[in-house]
1. State all residues of segment B:97-154 that are closer than 18 Å to B:V176 by Cβ and in a strand (DSSP E or B); if no residue qualifies, say none.
2. Any idea which of B:L44, B:L67 is buried (at least 20 other Cβ atoms within 10 Å of the Cβ) and either free of Cβ contacts under 8 Å to residues at least 12 places away in the same chain or under 24 Å from B:A123 (Cα atoms) (or both)?
3. Does B:A25 satisfy the criteria of being more than 14 Å from chain A (Cβ to nearest Cβ), farther than 26 Å from B:L219 by Cα, among the small types (G, A, S) and not in a helix (DSSP H, G or I)?
4. Report those strands (runs of 3 or more DSSP E) wholly inside chain A carrying at least 2 residues which are charged (D, E, K, R).
5. So how many residues does segment B:72-109 have that are more than 12 Å from every other protein chain (Cβ to nearest Cβ) and either surrounded by 21 or more Cβ atoms within 10 Å (Cβ to Cβ) or in contact with a Leu (Cβ under 6 Å, 6 or more places away or on another chain) (or both)?
6. All but one of (1) within 14 Å of chain A (Cβ to nearest Cβ); (2) assigned to a loop (DSSP other than H, G, I, E, B) hold for B:S157; which doesn't?
7. How many residues does segment A:7-35 contain that are more than 26 Å from B:V78 (Cα to Cα) and either touching an Asp or Glu at 6+ places or on another chain (Cβ under 6 Å) or within 7 Å of another protein chain (Cβ to nearest Cβ) (or both)?
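Nothing in this text is a laboratory measurement; each read-out follows from the coordinates by a stated rule. Keep in mind that what you see is a predicted model, and the values were worked out from it rather than measured. Positions of Cβ are backbone-derived with ideal geometry, glycine not excepted, and every protein chain shown enters the neighbour counts.
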Amino acid sequence: MKRYMVDANRSVAFDTLDEAKAFAKHNFPAIILERTEADGKPSWREVLRFDWHWNEARGEPVIELW
Amino acid sequence: MRALACYDHTVKALLDELAVIVAAARLRKLRLAVIGACALRTYLSSPDRRTSVDADVLITTDGLASLEALLVERGYRVYDLGAWHRAERNADRLVIDIAVDRIVDVRSFQPYMIAWEAVTERASLPVPRIEDLLAQKLVSAREKDLLDVLLVASDASIPVSANGFGEAVESNDVEVPVARGLLEAQAAVQSGRMAQLWTERFGEAPGRALDIALERLMLWKEKL
């Protein structure tokens, strides 16, 4: 079972976060989930997303990995 | 079938926050509905099979400014993305996407309107009827949407009116995108892709669940 899953148009699982991030950057908007185990069952939590995000420095929303 | 695990328990924080926002919106007499995954999970016999890392809500144009003020008071930055507004709170990474009057699928820009009189109270949240939620997910038709639809269809305890589904689709004039979504779901089941995703997501094979779901989907399709 792979550790990461990216939810975008397709939901694709990856072994590494770098692979997941690369896929996410090509599939906006995307949410990267990380798999954990609880009582032998998988549980997923968000670790990153490639999506709109308010950029304080620019004073506007931008699409970025955050 | 035993309960399946899926997502991290941090969804509780999101749902708690949503409950506070709904309560505050009611005090302000705002017409608001919770949509998307947070609404869908109120229909599931095992809600933790499906949750969301963010929340989607629907508000009317005349309630938007008041909702935004409410969210700003709660520490959110709110901004306009055109088809949707977004509220972010960086301290706990909470994201609330706000649809105004209609729910727009961002990939096709297909709008979908729900009948406010059909919004019901479930798990203390105002949510659309299940037929509207399913139709929206079939318009979007991302893989996770198709999995959601199949998850509902595989659960015989969730009453879905085929006639109500057909009427919801017709009233929104979305017969073509919904039919396409149903066919994509069918192909995803028959190719084995949904079984693969189900297993990755829930940690166990679907067994007969997807076959049962597909039979139900085809009944809904007959109403289009």
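1. Passing the criteria: B:I103, B:V104, B:D105, B:Q110, B:P111, B:Y112.
2. That would be B:L67, the only listed residue that is buried (at least 20 other Cβ atoms within 10 Å of the Cβ) and either free of Cβ contacts under 8 Å to residues at least 12 places away in the same chain or under 24 Å from B:A123 (Cα atoms) (or both).
3. no
4. A:30-38, A:41-55, A:60-65
5. Of all residues in segment B:72-109, those more than 12 Å from every other protein chain (Cβ to nearest Cβ) come to B:72-75, B:91, B:96, B:98-104, B:109.
Within this subset, residues satisfying the condition of being either surrounded by 21 or more Cβ atoms within 10 Å (Cβ to Cβ) or in contact with a Leu (Cβ under 6 Å, 6 or more places away or on another chain) (or both) are B:96, B:98-100, B:103.
Number satisfying all stated conditions: 5.
6. Looking at each condition in turn, B:S157 falls short on (1).
7. The total comes to 3.
Yes/no matrix, rows are residues, columns are (1) among the hydrophobic types (A, V, I, L, M, F, W, C); (2) at the interface with chain B (Cβ under 7 Å from one of its Cβ atoms); (3) under 22 Å from B:A13 (Cβ atoms):
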{"residue": "A:E37", "(1), (2), (3)": "no, no, yes"}
{"residue": "A:R45", "(1), (2), (3)": "no, yes, yes"}
{"residue": "A:R58", "(1), (2), (3)": "no, no, no"}
{"residue": "A:I63", "(1), (2), (3)": "yes, no, no"}
